[in-house]
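As structure tokens, the structure follows; a few thoughts come after it.
The values are calculated or read from the model by the stated rules, or taken from the named source; none is laboratory data. Small disclaimer: the values here were computed from a predicted structure and weren't measured. Cβ atoms come from the backbone with ideal geometry, glycine included; neighbour counts cover every protein chain shown. Heavy atoms of the whole protein, side chains included, go into the accessibility calculation; ligands, DNA and RNA do not. Shrake-Rupley method; radii C 1.70, N 1.55, O 1.52, S 1.80 Å.
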Amino acid sequence: MNPSEYWRQLRSICVLHLLSVKRVQSFRSVREEETQIMMEEVKHSTLPSVPIDLSQLFSMITNDILCRVTFGRKYGGESGKELKELFMEFTELLGSFVIGEFVPWLDWLTSVSGLYTRANRVATRFDKFLEEVVDHHVNRYPDDVTSNLDHVGSDSQGHNDFVDVLLFLQRTNATGFPIDRTVIKCLILDVFVAGADTTSTILEWTMTELLRHPMVLKKVQDEAKNVVGNRKNITEDDLVHMHYLKAVIKETLRLNPPIPLLVPRESMQDIKLQDYNIASGTRVIVNAWAIARDPKYWDRPEEFAPERFMNNYIDVKGNDFELIPFGAGRRGCPGTIFAMVIVEIVLANLLHQFEWVLPEGVESLDMSETVGLTIYRKVPLVALASPKN
């Protein structure tokens with residue numbers, strides 16, 4: 001099997017057993033349970049004049065959901081903190097500029113900078129963590145080769161998680177091609193890194209824009225009240241009717257895509273695009289940030305205006321090239337649905353159950369960004385919350 005075909009087969013495993021519409025729906029109980037746990041923590045943290053660190057909150061719930069779905073358990077306390085720091089350093093390294101990739105004879109500068117040393121250290125720590133995860137699953141079901149894949153997904157109590165699925169496929173050779181431990185660890189890493197950082201970043205930037213635009217925040221809260229009435233918790237069934245919330249998220253993705261420069265690709269053959277001759281092997285980097293702010297396609301491109309997406313056909317799934325925060329085509333992100341439903345259920349409940357304002361004395365938010373593959377806030381987002389009557 002050639003490398004391209006092997007890659008397609010591995011991608012199909014992730015889509016079928018974790019990211020398909022059916023699987024995303026099967027994880028509903030996990031999302032709703034973790035959302036309610038988060039809401040209780042926010043409720044107990046709403047002390048007068050004590051702001052809540054929303055950046056940390058969003059990172060926590062995203063990690064908890066992904067850990068339950070992927071690993072079958074959550075990592076709290078010091079283990080959770082270390083895991084978060086490890087992933088943050090990993091994504092920072094992914095977005096680092098490696099001069100040797102562009103000017104090979106200057107690669108020694110990368111070594112001198114210490115980048116390779118950091119990368120090796122992070123790789124060693126990650127490998128140790130993933131080995132422990134796989135060993136835990138192997139030891140939990142040492143002789144089980146009869147798992148039914150139709151029941152994989154919804155929680156760690158009665159269903160298998162993604163690691164269990166991969167081990168089942170390895171033991172039974174159900175895919176028709178070999179899957180060794182290294183491949184399993186790579187798939188786990190890809191799923192977790194791609195899902196955790198980007199999803200929490202979307203939550204962070206959406207809440208940032210809502211705090212900067214109180215009238216928009218009020219419209220989302222009014223919509224939530226109209227949809228659920230006096231009911232406290234918003235479920236995923238209610239999200240279908242929250243069109244303005246979806247428009248707010250789309251507008252946030254337009255102005256603040258989590259990965260402004262999409263993952264680099266490489267042309268496989270010589271082509272001519274308009275008047276440009278592009279040679280095989282050319283690295284292609286798509287600037288999704290610039291496309292989403294291009295005045296040729298957007299009216300008032302620098303303005304935060306969710307109304308532009310009301311009764312508008314444009315979506316973020318890669319079908320409309322004016323807005324491609326998740327990429328498009330065969331190389332588009334397969335986890336779009338998985339991420340969006342987490343963002344919607346978390347935001348809907350936070351905005352419906354609490355009033356949110358900036359801390360006293362803060363008139364405007366610092367919009368500085370970090371440098372890395374994923375662009376999140378450089379300064380943590382904090383706000384005051386008060387429970388609604």
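See the values below:
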{"quantity": "Residue in the range 159-178 that is nearest to the chain's Cα centre (by Cα), counting only those that are under 24 Å from LEU83 (Cβ atoms) and assigned to a loop (DSSP other than H, G, I, E, B)", "calculated": "ASP161"}
{"quantity": "Scope the range 89-121; condition open to solvent by 90 Å² or more (accessible area, probe 1.4 Å), within 20 Å of PRO264 (Cα to Cα) and charged (D, E, K, R); matching residues", "calculated": "GLU101"}
{"quantity": "Residue that is closer than 22 Å to VAL193 by Cβ and open to solvent by 50 Å² or more (accessible area, probe 1.4 Å), where the choices are ARG28, ARG73, ARG68, ARG23", "calculated": "ARG73"}
{"quantity": "ILE291 in contact with a helix residue (DSSP H, G or I) (Cβ under 6 Å, 6 or more places away or on another chain), modelled with pLDDT of 90 or more, on the phi < 0 side of the Ramachandran plot and of a type in the set (A, V, I, L, M, F, W, C)", "calculated": "no"}
{"quantity": "Failed item, numbered, when LEU210 is tested on (1) open to solvent by less than 10 Å² (accessible area, probe 1.4 Å); (2) within 30 Å of PHE309 (Cα to Cα); (3) at pLDDT below 85", "calculated": "(3)"}
{"quantity": "Selection within the range 266-298 - open to solvent by 100 Å² or more (accessible area, probe 1.4 Å) and over 23 Å from GLU322 (Cβ atoms)", "calculated": "GLU266, MET268, GLN269, ASP270, LYS272, ASN277, ARG283"}
{"quantity": "Any hit, the range 304-313, residues being under 21 Å from VAL227 (Cβ atoms), of a type in the set (A, V, I, L, M, F, W, C), over 16 Å from the mean Cα position of the chain (by Cα) and in a loop (DSSP other than H, G, I, E, B)", "calculated": "yes"}
